[in-house]
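What follows is calculated from the coordinates using simple rules that are stated; it is not laboratory data. Bear in mind that the values here come from a model prediction, so they are computed numbers and not experimental data. Please note: Cβ atoms are built from the backbone with ideal geometry, for glycine as well, and neighbour counts cover all protein chains shown.
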Amino acid sequence: MKRLLTILLTLSLLLSLAACGSKKSASGAADPDDSVTSQEPETGNSQPDTTDEQPDSTDEPEETQPAEQEPAEDNQAQPEKEPEKAPEKQPEKQPEKKPVSKPAQKPIQEKPVEKPAEKPAEPAAPAQPTETVPAASGDALSILTAVWNTYNDDEKFPVAEDAPISMDISSIDNISYLLTFPAEDAALIDGAASLTHMMNLNTFTCGAFHAVSTQDAAKLADDLHTAIADKHWMCGFPDKMVIVTLDQTVISLYGHEDLINTFRDKLQAAYPSAAIAYEEAIS
């Protein structure tokens, strides 16, 4: 709009200037003095002045085209109109993708695992007494352990260490005190074991001694019989004693009669070759 107004003002100014020039040329043509002076002959020169004959280019009126009068509204400055903002293009809405619904999968039904038919539990076989294998002649502890294992719960009684134990033959005084072993026969043995009552040695005492030789075993049996028979008892005294020989092993027993008889029977059942050297009451 500013550019258009500037052009219109410029055209109006040019038209005004052109109109003023045409009025001057019209007044010059009507002046008589100019025409008289142009017709007087020059005295000094026979040739006519060619310059006077040529018409003045300024005398001819300029052909002016009438200016197109624009409406007054164009001359007046119109208030600038704010350029209309082009309507913002709204982003085209893309069609919403509808989630494709998958057909619901049917749960796979697991077939129940067929459990194998349980067999009825077989009744437990009654506990059988442990078969005892005769121990080697040099293992006094194994002989006592084998006999003790044949006892059932009703037959067992409280014993030291709850089982037969091995004895240290280097401590001969200890063996002599606990088992009434003749200390002078220490050189005749190479191993010893014991099974004694927990509360009172006079109730049950059993000693197993492995002799170096068969002759030493026979002598050891006699010496044990003498040592037990001649012992001075304290806190009561045992009912009976039994001396058994098994190859090179000598086993001495003394205590309550029923306990001594039970052990004797189990020893002979486990070792049929066991021979009773002495069996008598203690008075």
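Taking the Cα-to-Cβ direction at Val212 and at Cys235 and moving 7 Å from each Cα, how far apart do the two end points lie in nm? Simple spin-label model gives 3.5 nm for this pair. Pairs with C-alpha atoms separated by more than 23 Å, drawn from the list Lys156/Lys231; Lys156/Lys266; Lys240/Lys266, are Lys156/Lys231.
Between Ala183 and Lys2, the contour length at 0.36 nm per residue exceeds the Cα-Cα span by 50.4 nm. Taking packing as the residue-averaged number of other Cβ atoms within 10 angstrom, the listed peptides 142-149, 248-255 run from highest to lowest as 248-255, 142-149. For the range 219-267, the square roots a ≥ b ≥ c of the C-alpha gyration tensor eigenvalues yield an a/c of 1.5 or more together with a/b not exceeding b/c, which makes the shape oblate. Can you classify the range 140-281 as rounded, prolate or oblate using the Cα gyration tensor, where a ≥ b ≥ c are the square roots of its eigenvalues, rounded means a/c under 1.5, and otherwise it's prolate if a/b beats b/c and oblate if not? Rounded is the answer for the range 140-281, as its axis ratio a/c remains below 1.5.
Charges were assigned to the Cβ only: +1 to each Lys and Arg, -1 to each Asp and Glu. The resulting dipole of the range 140-281 about its Cα centre is roughly 60 debye.
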